[in-house]
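Asks: Here it is: the structure, laid out below.
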Amino acid sequence: MTGARVLLKCLRREGVNTIFGYPGGAALPIYDALPDVPGIRHILVRHEQGAAHAADAYARASGNVGVCLATSGPGATNLVTGIAAAMADSVPMVVITAQVPSPLMGTDAFQEIDTLGITLPITKHSALVTSPQEIPRFVSEAFAVAKSGRPGPVLLDIPKDVSAARLSEFPDDTSALPSPEVKADLVGLSEAARLLTAAKRPVLYVGGGTARSGAAPLVRELARRLQIPVTTTLMALGVFPTDDELFLGLPGMHGSRRANCALSEADVLLAVGARFDDRVTGNAARFSPQSRRIHLDIDAAEMGKLCRADLQLVGDARALLSTLLRELDRHGKPETAGWLARLREQPRQPPVMGELPGASVSPRALFDTLNDLLPRDALIVTDVGQHQMWAAQLLRLSTPGQFITSGGLGAMGFGVPAAMGAKLACPERTVVAIVGDGGFQMTCHELSTMARYNVPVVVIVLDNQCLGMVRQWQQLFHGGRYSEVDLSDNPDFAALSRALGVAAESVQEEAQLRTALQRALHKGAPCVVHVKVRRTQNVFPIVPPGEPATVMLESEKVLA
């Protein structure tokens, strides 16, 4: 038995059945052992960045730990963007990188790089495995750390001589790190219950930690029992149904006026699994100035990091909310009818978009059509940019974790490989990727991977022939000085997709949209729908940089 075979058997023992990877010299012992370990499906991507994004979305969609594998040097460095994206969004992932043989480390050997040093700031934990006997313990620890507390990526760097080494028996040492026990602060939760029931203008601000912890049913129970309005961040879309009358819309930079006004006027703000990100708060010093703030989160480091928190409760969101609901049984209910009526005077949907010429499709028409056609539990994966914000504003979402996007890092190129990972995790669910023409060209080669494994994802490319969000910022905040945002020389995306083995068609007018999407959704194979969007279509509302979230630009400008 080799160290590589021990590694793969340990992965199987952790429940791993899918690995996204790309081979190379230092990883050859692992790939040599792969055919001999049943139960592991290896997905050969076209670029290591695709492997990391696919593993990330596999984890988000399945609730399990995602796994990716790459060789030393450039293989490891190509994973960096995907690792950083998983770290920013608290995604449990185990990253396995091969390393040059131990005697060559530190000699500038071929394809040697200090992988641990490079990835230290973007991993929750990392380790260099120095002997094959250590592999079971390190694998067990990696999965325990990736899943526990605030989840995140863990990296194991394995030199080639360690994976190639032969052992006479399986070194069965699986002693993992103990999970820290966090006890609910009963005094603090009782005070939280008192504040909520005495509030006149309460708001429930929900972040991605609620989806990770499985706390969505408790969020819904709390909001409905107390009739508290709810705003969810990008990472928590679907935790609370977006068509519920208590839903305020997104908060922050591209949030609804209703959500941002509610946060500004709230007297009690309950933040659950959220981290007061700058895209939510705007100018943090002027965020929700009148509120008493109750912050529930698994990560003590987030308490008071960006915004004041008057009551800090550290722990798992599900456990804390469960206890809070029991505490509320001993209290009354806040009187929120007048507060809710006032909030309904403010719009929840973004402003009506301007008139468009016939040879393009309105984003609102696209997302309205998707709302009609998609099943309620469809997984929506987006890339990063204007299309991401339109999707977040306009799609009807009701299932926790169904909106998969690169939120914290905002990594362009996420959409296509992430959609593939999500579909492989949940083959029974409809998966749609919504990407822009810029991000699509960063990782569109993963369409070849989808074609090879027949992963039936529908990829919708919104093509405005520019880097739309950057162009919008240059228009609004840089005096219309456009610099390096032109993509008017885009290729024929339908032809490109077909060359990569995937069926595709182009839509240039709204009259073509519904039938094209219906064909794609019923194809049972990967498919690209290329949609022409007006170049000057902007995302509104938008909060200008440095302003509080209540200062919102809301006028659509469609320029000639």
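Asks: Hey, any hits in region 532-540 for a residue that's surrounded by fewer than 17 Cβ atoms within 10 Å (Cβ to Cβ), within 21 Å of ILE460 (Cβ to Cβ) and not assigned by TED's automatic domain parsing to the domain that holds PRO289? Break it down into steps so the answer makes sense when it comes.
Replies: Going residue by residue through region 532-540, those that are surrounded by fewer than 17 Cβ atoms within 10 Å (Cβ to Cβ) are none.
No, region 532-540 contains no residue that is surrounded by fewer than 17 Cβ atoms within 10 Å (Cβ to Cβ), within 21 Å of ILE460 (Cβ to Cβ) and not assigned by TED's automatic domain parsing to the domain that holds PRO289.
Asks: Which of the helices (runs of 4 or more DSSP H) found entirely inside region 310-392 contain at least 1 residues meeting this: in contact (Cβ under 8 Å) with a residue 24 or more places away in the chain and under 15 Å from VAL531 (Cβ atoms)?
Replies: Here the list reads 363-373.
Asks: Could you give every pair whose Cβ atoms fall below 6 Å, whose first residue belongs to region 509-523 and is assigned by TED's automatic domain parsing to the domain that holds ASN371 and under 12 Å from THR369 (Cβ atoms), and whose second residue is assigned to a helix (DSSP H, G or I) and at pLDDT below 95, counting only separations of at least 6 or pairs across chains?
Replies: GLU510/ALA365
Asks: Restricting to region 280-302, name every residue that is part of a loop (DSSP other than H, G, I, E, B) and out of contact with any Asp or Glu (no Cβ under 7 Å at 6 or more places or on another chain).
Replies: Of all residues in region 280-302, those part of a loop (DSSP other than H, G, I, E, B) come to 283, 287-291, 298-299.
If the condition is that a residue be part of a loop (DSSP other than H, G, I, E, B) and out of contact with any Asp or Glu (no Cβ under 7 Å at 6 or more places or on another chain), then PHE287, SER288, PRO289, ASP299 are the ones that fit.
Asks: Give me the pairs: first residue in region 415-434 and in the same structural domain as VAL67 (by TED's automatic domain parsing), second residue at pLDDT below 95 and of a type in the set (Gly, Ala, Ser), beta-carbon distance under 6 Å, and six or more apart or on different chains, which are they?
Replies: none
Asks: Let me ask something else. Kindly check whether there is at least one residue in region 228-238 that is surrounded by 24 or more Cβ atoms within 10 Å (Cβ to Cβ), modelled with pLDDT under 95 and among the β-branched types (Val, Ile, Thr).
Replies: No, every residue in region 228-238 fails to be surrounded by 24 or more Cβ atoms within 10 Å (Cβ to Cβ), modelled with pLDDT under 95 and among the β-branched types (Val, Ile, Thr).
Asks: Among the residues of region 274-299, how many are crowded, with 23+ Cβ neighbours inside 10 Å and touching a strand residue (DSSP E or B) at 6+ places or on another chain (Cβ under 6 Å)?
Replies: Within region 274-299, residues that are crowded, with 23+ Cβ neighbours inside 10 Å and touching a strand residue (DSSP E or B) at 6+ places or on another chain (Cβ under 6 Å) number 7.
Asks: Another question, then. Here is a list of conditions, (1) touching a Leu at 6+ places or on another chain (Cβ under 9 Å); (2) surrounded by fewer than 17 Cβ atoms within 10 Å (Cβ to Cβ); (3) under 19 Å from PRO417 (Cα atoms), and GLY524 meets all of them except one; can you say which number that is?
Replies: (1)
Asks: Got at least one residue in region 352-362 being in contact with a helix residue (DSSP H, G or I) (Cβ under 7 Å, 6 or more places away or on another chain), crowded, with 23+ Cβ neighbours inside 10 Å and over 28 Å from GLY214 (Cβ atoms)?
Replies: Checked against the condition, which is being in contact with a helix residue (DSSP H, G or I) (Cβ under 7 Å, 6 or more places away or on another chain), crowded, with 23+ Cβ neighbours inside 10 Å and over 28 Å from GLY214 (Cβ atoms), region 352-362 yields at least one hit.
Asks: Related question: Restricting to region 123-141, give me the number of residues that are closer than 17 Å to VAL100 by Cβ and part of a helix (DSSP H, G or I).
Replies: 1
Asks: Also, I was wondering about something else. Please go through region 462-497 and pick out each residue that is touching a Lys or Arg at 6+ places or on another chain (Cβ under 8 Å) and polar (S, T, N, Q).
Replies: If the condition is that a residue be touching a Lys or Arg at 6+ places or on another chain (Cβ under 8 Å) and polar (S, T, N, Q), then ASN464, GLN465, GLN474, GLN475 are the ones that fit.
Asks: For region 505-559: of the residues being in a strand (DSSP E or B) and more than 27 Å from the chain's Cα centre (by Cα), which is farthest from ASP278 (Cα to Cα)? Steps first, answer last, please.
Replies: Pass one, region 505-559, residues in a strand (DSSP E or B): 505-507, 527-532, 542, 548, 553.
If we keep only those that are more than 27 Å from the chain's Cα centre (by Cα) too, we end up with 505-507.
Working: GLU505: 39, SER506: 37, VAL507: 36 Å.
The residue in question is GLU505.
Asks: Between a first residue in region 462-490 that is touching a residue at least 40 places away in the same chain (Cβ under 8 Å) and farther than 15 Å from GLY436 by Cβ and a second residue that is assigned to a strand (DSSP E or B) and among the hydrophobic types (A, V, I, L, M, F, W, C), which pairs have beta carbons less than 8 Å apart while being 6 or more apart in sequence or on different chains?
Replies: Close Cβ pairs (under 8 Å, with a partner that is assigned to a strand (DSSP E or B) and among the hydrophobic types (A, V, I, L, M, F, W, C)) amount to LEU476/ILE542; LEU476/LEU553.
Asks: Could you list, in sequence order, the residues of region 142-170 that are of a type outside the set (A, V, I, L, M), assigned to a helix (DSSP H, G or I) and under 34 Å from the mean Cα position of the chain (by Cα)?
Replies: Here is the first cut: in region 142-170, the residues of a type outside the set (A, V, I, L, M) are 143, 147-153, 157, 159-161, 163, 166, 168-170.
Imposing the further condition that a residue be assigned to a helix (DSSP H, G or I) reduces the set to 143, 147, 160-161, 163.
Result: PHE143, LYS147, LYS160, SER163.
Asks: Turning to a different aspect of this structure: Just to check your reading of the model, which residue among ALA259, ALA211, ALA216 is modelled with pLDDT of 95 or more and touching a Gly at 6+ places or on another chain (Cβ under 6 Å)?
Replies: On the way: ALA211 fails: modelled with pLDDT of 95 or more; ALA216 fails: touching a Gly at 6+ places or on another chain (Cβ under 6 Å).
Just a single option satisfies the conditions, and that option is ALA259.
Asks: Kindly indicate which of VAL65, VAL37, VAL80, VAL6 is at pLDDT below 95 and either over 18 Å from HIS445 (Cβ atoms) or out of contact with any strand residue (DSSP E or B) (no Cβ under 8 Å at 6 or more places or on another chain) (or both).
Replies: Working: VAL65 fails: at pLDDT below 95; VAL80 fails: at pLDDT below 95; VAL6 fails: at pLDDT below 95.
It is VAL37.
Asks: Same structure again: Of all residues being aliphatic (A, V, I, L, M) and in a loop (DSSP other than H, G, I, E, B) in region 402-420, which is surrounded by the most Cβ atoms within 10 Å (Cβ to Cβ)? Just the residue, please.
Replies: The first filter runs over region 402-420 and keeps only residues aliphatic (A, V, I, L, M), leaving 404, 409, 411-412, 416, 418-420.
Right, trim to in a loop (DSSP other than H, G, I, E, B) and you get 409, 411-412.
Numbers: LEU409: 18, ALA411: 27, MET412: 22.
Ranking the qualifying residues of region 402-420, first place goes to ALA411.
Asks: Only one residue in ALA88, ALA70, ALA59, ALA109 is touching a helix residue (DSSP H, G or I) at 6+ places or on another chain (Cβ under 7 Å) and in the same structural domain as VAL154 (by TED's automatic domain parsing). Which one?
Replies: The conditions single out ALA70.
Asks: Search region 151-183 for residues being of a type in the set (Gly, Ala, Ser) and at pLDDT 95 or above, and hand back the single one that is nearest to VAL6 (Cα to Cα). Show your work before the answer.
Replies: Here is the first cut: in region 151-183, the ones of a type in the set (Gly, Ala, Ser) are 152, 163-165, 168, 175-176, 179.
Cutting the leftovers down to at pLDDT 95 or above gives us 152, 163-165.
Details: GLY152: 24, SER163: 8, ALA164: 10, ALA165: 10 Å.
In this case the residue turns out to be SER163.
Asks: Being of a type outside the set (Gly, Ala, Ser) and touching a residue at least 40 places away in the same chain (Cβ under 8 Å) is the filter here, so list the residues in region 260-278 that pass it. Explain how you work it out, then say what you get.
Replies: The initial filter retains those residues of region 260-278 that are of a type outside the set (Gly, Ala, Ser), namely 260-261, 263, 265, 267-270, 272, 275-278.
Of everything in region 260-278, those that are of a type outside the set (Gly, Ala, Ser) and touching a residue at least 40 places away in the same chain (Cβ under 8 Å) turn out to be ASN260, CYS261, LEU263, GLU265, ASP267, VAL268, LEU269, LEU270, VAL272, ARG275, ASP277.
Asks: Here's a follow-up. Out of region 18-49, which residues are crowded, with 18+ Cβ neighbours inside 10 Å, more than 20 Å from GLN111 (Cα to Cα) and of a type in the set (Gly, Ala, Ser)?
Replies: Listed by number, the list holds a single entry, ALA33.
The values are calculated or read from the model by the stated rules, or taken from the named source; none is laboratory data. Note that the structure is a prediction, hence the values are computed from the model and not measured. Neighbour counts are summed over all protein chains in view; Cβ atoms, including those assigned to glycine, are modelled from backbone coordinates with ideal geometry.
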